[in-house]
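Visitor: Got a structure here, written out as structure tokens. Questions coming.
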Amino acid sequence: MTNSVDIDILIVEDEPKLALVVVDFMRAAGFAPRWIADGLAVEAAIAQRMPHLIILDLRLPGKDGRDICRDLRKHSDVPVIMVTAQVDEIDRLLGLEIGADDYVCKPFSPLELVARVKAILRRTRIHAHPETSPLQLDEAKLQASYQGVTLDLTPIEFRLLATLASRPAQVFSRNLLIDRLYTDGRVVEDRTVDSHVRKIRRKLEAIAPGEDIVQSVYGAGFKLVL
Ligand code: CA
């Protein structure tokens with residue numbers, strides 16, 4: 001088990017005041033933060049040592065966060081939390097093309113950012129030991145089980161749950177879920193997603209009453225919390 005003081009967090013942020021607040025909060029949470037201000041310095045910082053997680057501002061001098069993340073994804077799965085002031089870009093940032101793991105919107109609470117960092121590191125560990133997860137998904141057979149009990153899911157419910165489980169703790173918007181679930185490009189209403197989520201919840205509830213692992217985030221979408 002790694003100590004949190006050994007957890008290297010790379011902060012890429014060109015506003016020094018904001019960067020120093022984030023550095024302080026990360027240090028207070030027991031992590032080892034590094035800060036750089038220029039987008040062009042990311043490559044060298046990573047070559048020196050691959051961090052456990054990157055907090056990446058979207059608008060940066062040199063090279064912007066979008067390009068940095070896209071290039072990074074060609075060779076690394078290192079978790080990336082994108083910091084943005086533009087809510088309308090979130091779906092694209094989290095989508096396959098750019099591949100950020102999560103985001104916070106400016107202005108954000110540093111404590112919220114610490115919580116996101118912890119959630120992502122937790123799920124990275126879950127991915128490192130998938131056999132210990134209470135939720136098991138067999139993609140080939142479209143079969144799922146929770147706490148060892150088989151879940152009787154329709155193919156679309158399976159895909160929805162598998163999508164949420166691909167990045168636990170990340171909020172998926174209804175639009176993003178529709179894109180992932182209906183690859184034929186058909187027009188689907190938001191409430192269709194809600195109705196599938198309700199059915200999945202009922203099936204989970206039957207196995208583990210009171211446990212709410214598929215959570216709605218008001219105004220944003222859904223996330224899986226294991
Ligand atoms: Ca900036």
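Visitor: Note the angle between two axes, namely the Cα long axis of helix 155-166 and the longest principal axis of the Cα atoms of the chain, as a number of degrees from 0 to 90, rounded to the nearest 10.
Guide: Tilt of helix 155-166: around 20 degrees.
Visitor: Give me the net charge of S195's neighbourhood, meaning all other residues with Cβ under 15 Å from the Cβ of S195; Lys, Arg count +1, Asp, Glu -1.
Guide: Details: positive: R159, R174, R191, R198, K199, R201, R202, K203; negative: E157, E189, D190, D194.
Around S195, the surrounding residues sum to +4.
Visitor: Let me ask another. Averaging the inverse of every distinct alpha carbon separation and then flipping it gives the Kirkwood radius. What is it for the range 129-224, in angstrom units? List each step's numbers first, then the result.
Guide: Values: mean 1/r = 0.0732 Å⁻¹.
So the Kirkwood estimate lands at 13.7 Å.
Visitor: Right, here's the next one. Give the residue from P16, F31, L60 lying farthest towards the positive end of the charge dipole for the chain; charges sit on Cβ (+1 for Lys and Arg, -1 for Asp and Glu) and the dipole is referred to the Cα centre.
Guide: F31
Visitor: Further, regarding this structure: When the distances between all Cα atoms of the range 4-123 are binned every 10 Å from zero, what whole-number percent does each bin get?
Guide: 14, 52, 32, 1
Visitor: Another question, if that's okay. Packing-wise, with mean Cβ within 10 Å as the measure, how do 167-177, 35-45, 139-149 rank, highest first?
Guide: Values: 167-177: 19.5, 35-45: 15.9, 139-149: 13.0.
Packing proxy ranking, top to bottom: 167-177, 35-45, 139-149.
Visitor: A further question follows. Let me check something: with ligands and nucleic acids excluded, how do H75, H196, H52 order by accessible area (1.4 Å probe), largest to smallest?
Guide: Numbers: H75 130, H196 25, H52 80 Å².
Sorted descending by solvent-accessible area, the residues read H75, H52, H196.
Visitor: Could I ask something else about it? Can you report the principal axis dimensions of the range 1-70 using only the alpha carbons, biggest first, rounded to whole angstrom?
Guide: That gives 35, 26, 16 Å along the principal axes, largest extent first.
Visitor: Would you mind getting the accessible area per residue of the range 8-72, heavy atoms of the protein chains only, 1.4 Å probe, in Å²?
Guide: I get 45 Å² per residue for the range 8-72.
Visitor: Relative contact order of the chain: what whole-number percent is it, with Cα pairs under 8 angstrom and at least 6 residues apart?
Guide: Values: 325 pairs, mean separation 29.4, N = 226.
Relative contact order for the chain comes out at 13 percent.
Visitor: Quick check of the Kirkwood formula: for the range 177-226, what is the inverse mean of 1/r over all pairs of different Cα atoms, in Å?
Guide: 12.0
Visitor: What lysines could a cross-link reach from K74, if we take a straight Cα to Cα line under 23 Å and drop same-chain neighbours fewer than 8 places away?
Guide: K63
Visitor: Which of these, I54, I11, I46, has the largest mean-square fluctuation under a Gaussian network model of the chain (Cα springs below 10 Å)?
Guide: I46
Visitor: Within the chain, what percent of beta bridges assigned by DSSP are antiparallel, to the nearest 5? Write down the numbers at each step before the final one.
Guide: Numbers: 12 of 29 bridges.
The answer is about 40 percent antiparallel.
Visitor: Residues with beta-carbon under 15 Å from that of L153, excluding L153: net charge, scoring Lys, Arg +1 and Asp, Glu -1? Don't skip to the end; give the middle numbers.
Guide: On the way: positive: K141, R159, R198, K199, R201, R202, K203; negative: D138, E139, D152, E157, E205.
Summing Lys and Arg as +1 and Asp and Glu as -1 gives +2.
Visitor: Carbon and sulfur atoms: what percent of the 1.4 Å accessible area of the range 134-226 do they account for? Present the calculation step by step, with values, prior to reporting the outcome.
Guide: Details: 2440 of 5060 Å².
Answer for the range 134-226: carbon and sulfur cover 48 percent of the accessible area.
Visitor: Sticking with this one: Give me the tail of P(r) for the chain as a percent: Cα-Cα pairs with distance above 29 Å. List each step's numbers first, then the result.
Guide: Numbers: 7858 of 25425 pairs.
Across the chain, Cα pairs with separations above 29 Å total 31 percent.
The values are calculated or read from the model by the stated rules, or taken from the named source; none is laboratory data. Since we're looking at a predicted model, the values are computed, not measured. A quick note on method: Cβ atoms are made from the backbone with ideal geometry, for glycine too, and the neighbour counts reach across all protein chains shown. The accessibility values were calculated without ligands, DNA or RNA, using every heavy atom of the protein model including side chains. Shrake-Rupley method; radii C 1.70, N 1.55, O 1.52, S 1.80 Å.
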